[in-house]
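Everything on this sheet refers to the single structure shown next.
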C-alpha cells in the first residue's frame, strides 16, 4: 500500500515542539528531547535550528540550559511549525499559487486539490501546541481507563 506521508523532518519538529510545550516556561535539553521522542540527536539539532530561525524556539546556554518555546504554546500552530522546517504547504503543484499548469483550465481534478489545500491549511492553522499538549496520548487514556476498571 502506498501512503501520502508526512516527511520525517515535520514529524520530528512537531514531536519536539509538543515535548517543549509540555514544559511551560521550562527548558528541555536536546538529549532529553531526543531520548524521550526517539529522534536522532544530530537530526534534532538540524530541526531545532530551523525552528530557531523562524522564531519558534530559543536556546538557553549554560548550566540548566537547553531549548524552550519562544512564545506561548497557544500562539504556535502546526502550520507555523511545518512551514518553519519545510516551507509553504502545498498539496499539489497546481495549488501553490506560483506555478500554472497548462491543464488547469480544463483539469477536472483541480477543484478537489484546491479544496483539499484549503481544508489542510485550515486544520494545520487551527491546531495549536497548547491544544495538543493539554490532550492525553492514546496510550495514557487507555492506561487510565484500564486502571479505573480494576
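The values are calculated or read from the model by the stated rules, or taken from the named source; none is laboratory data. The structure displayed is predicted, hence computed values, not measured ones. Positions of Cβ are backbone-derived with ideal geometry, glycine not excepted, and every protein chain shown enters the neighbour counts.
Some points to look at:
- Residue count for the range 61-77 under the criterion of being surrounded by 13 or more Cβ atoms within 10 Å (Cβ to Cβ) and farther than 23 Å from residue 124 by Cβ: the result is 1.
- Among the candidates 44, 91, 69, residue that is under 22 Å from residue 4 (Cα atoms) and either in contact (Cβ under 8 Å) with a residue 24 or more places away in the chain or within 15 Å of the chain's Cα centre (by Cα) (or both): 91
- Criterion (surrounded by 13 or more Cβ atoms within 10 Å (Cβ to Cβ), closer than 25 Å to residue 125 by Cα and either in contact with a strand residue (DSSP E or B) (Cβ under 7 Å, 6 or more places away or on another chain) or at pLDDT below 95 (or both)) met by exactly one of 22, 50, 80: 22
- Of all residues in the range 72-99, those that are out of contact with any helix residue (DSSP H, G or I) (no Cβ under 8 Å at 6 or more places or on another chain), assigned to a loop (DSSP other than H, G, I, E, B) and farther than 30 Å from residue 27 by Cα total 3.
- Filtering the range 35-47 to residues that are surrounded by 20 or more Cβ atoms within 10 Å (Cβ to Cβ) and outside any loop (DSSP other than H, G, I, E, B) leaves 44, 47.
- Cβ pairs under 7 Å, 6+ apart, first in the range 120-132 and closer than 21 Å to residue 96 by Cα, second buried (at least 16 other Cβ atoms within 10 Å of the Cβ) and at pLDDT 95 or above: 121/79; 124/77; 124/78; 124/79; 124/82; 125/77; 125/79
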